[in-house]
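Data first, discussion second: the structure below is written as structure tokens.
The values are calculated or read from the model by the stated rules, or taken from the named source; none is laboratory data. These numbers come from a predicted model, not from an experiment. All Cβ positions, even for glycine, are placed from backbone atoms using ideal geometry, and neighbour counts span all protein chains on display. Just so you know, the surface numbers come from the protein's heavy atoms only, side chains and all, with ligands and any DNA or RNA stripped out. Shrake-Rupley method; radii C 1.70, N 1.55, O 1.52, S 1.80 Å.
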Amino acid sequence: MKVLVVEDEKRIASFVRKGLEEQGFAVDVCGDGIEGLHMAVTQTYDALVLDIMLPGRDGLSVLRELREQNHGVPVILLTARTLLNEKLEGLNLGADDYLTKPFYVEELVARLHAVIRRASGERVTVLQVGELRLNLITREATVGGQRVELTAREFNLLEFLMRSPGRVVTRTQILEHVWNYYFDPATNIVDVYIQRLRKKLSPDAVDAVIETVRGVGYRIRESQAPES
């Protein structure tokens, strides 16, 4: 998932970026409300983490403009203030959640997952392709009932592929959604992670779930999807 963090305090912005990237998020950061609004409307993000007190344009003003443009990206507001009226104003403007500083990055991660699921109307908490299952709440992967240990990035890559069984996704699409949009397109990191996943999901290299579509990208084999 790709997140934009609009926060002018460099220490907090660095802390949030590091924590989210460790959990497999692709993260863009800016410290100005005007720039943050421009990035939010010109690029695609799964969620925004938006500080209220910002130079250039405050967070509530940015939020108001986004909602007036019918931009439905989920927004979590950050503030050092605890005033009830400010919290209510943010929620009434269309914020999806609210965190008061200081906070634990683990709580922010959990809230991001929650608001993104709500915004997409997603009710499914488990993805399944054949014997492969991903629990999106506990972040656990199993094959034939046996747990498979995945890093945060491996989990997010597998989730991205499993959401559309049979659909081919390019390396560029994977880089945009699982890593950062600005990641070097010449890198072979996607291929490296695909190979890691294959070894973990099918150590004997038999009946691999992830297929290579030569010259295009990768896909989860649709034939593995369970019948509805």
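Once the Cβ-Cβ distance between residue 44 and residue 142 is put in as r, and R0 is 30 Å, what FRET efficiency do you end up with, to the nearest 0.05?
Computed FRET efficiency for residue 44 and residue 142 comes out at 0.45.
With a 10 Å radius around each residue's Cβ, average the other Cβ atoms per peptide and rank 68-76, 99-107, 27-35, highest first.
27-35, 68-76, 99-107
Structure shown: which of 18/200; 10/200; 101/200 lie over 29 Å apart, alpha-carbon to alpha-carbon?
Beyond 29 Å between Cα atoms: 10/200; 101/200.
Counting heavy atoms of the protein chains only and a 1.4 Å probe, report the per residue accessible area for the chain as a whole number of Å².
Value for the chain: 52 Å² per residue.
Compute the Cα gyration tensor for the stretch 7-50, then decide on rounded, prolate or oblate, letting a ≥ b ≥ c be the square roots of its eigenvalues: rounded whenever a/c is under 1.5, prolate when a/b is larger than b/c in the other cases, and oblate in all that remain.
Oblate is the answer for the stretch 7-50, as a/c is 1.5 or above yet b/c matches or exceeds a/b.
Tell me the carbon and sulfur percent of the accessible area for the chain, rounded to whole percent, probe radius 1.4 Å.
Using a 1.4 Å probe with all protein chains present, the chain comes out at 49 percent carbon and sulfur.
Given the chain, what percent of its DSSP beta bridges are antiparallel, to the nearest 5?
50
If you plug each phi of the stretch 164-171 into the Karplus form 6.51 cos²θ - 1.76 cosθ + 1.60 with θ = phi - 60°, what whole-Hz ³J(HN,Hα) values come out, in order, with x for Gly and Pro?
9, x, x, 8, 7, 10, 7, 4
If you count, for each residue, the other Cβ atoms within 10 Å and average over each peptide, how do 13-19, 155-161 line up from highest to lowest?
Order by mean packing, descending: 155-161, 13-19.
According to the square roots a ≥ b ≥ c of the eigenvalues of the Cα gyration tensor, what is the shape class of the stretch 1-115, taking rounded for a/c under 1.5, prolate for a/b larger than b/c otherwise, and oblate for the remainder?
The shape class here is rounded.
With a point put 7 Å past each Cα toward its Cβ, work out how far residue 114 is from residue 189 in nm, to one decimal.
A separation of 3.0 nm, rounded to one decimal place.
Which residue, 146, 173, 23, has the most motion in a Gaussian network model of the chain that connects Cα atoms within less than 10 Å?
146
Where Lys and Arg each count +1 and Asp and Glu each count -1, what net charge lies around residue 2 among other residues with Cβ under 10 Å from its Cβ?
Here the count lands on -3.
Hey, what do the phi angles of the stretch 104-111 turn into as Karplus ³J(HN,Hα) couplings, whole Hz, using 6.51/-1.76/1.60 and θ = phi - 60°, x for Gly and Pro?
Working through the residues one at a time gives 8, 4, 4, 5, 4, 4, 4, 5 Hz.
Mean residue ellipticity at 222 nm from the helices of the chain, using -39,500 (n - 2.57) per DSSP H segment of n ≥ 4 over the full residue count, to the nearest 500 deg cm²/dmol?
Using -39500 (n - 2.57) per qualifying helix, the result is -12000 deg cm²/dmol.
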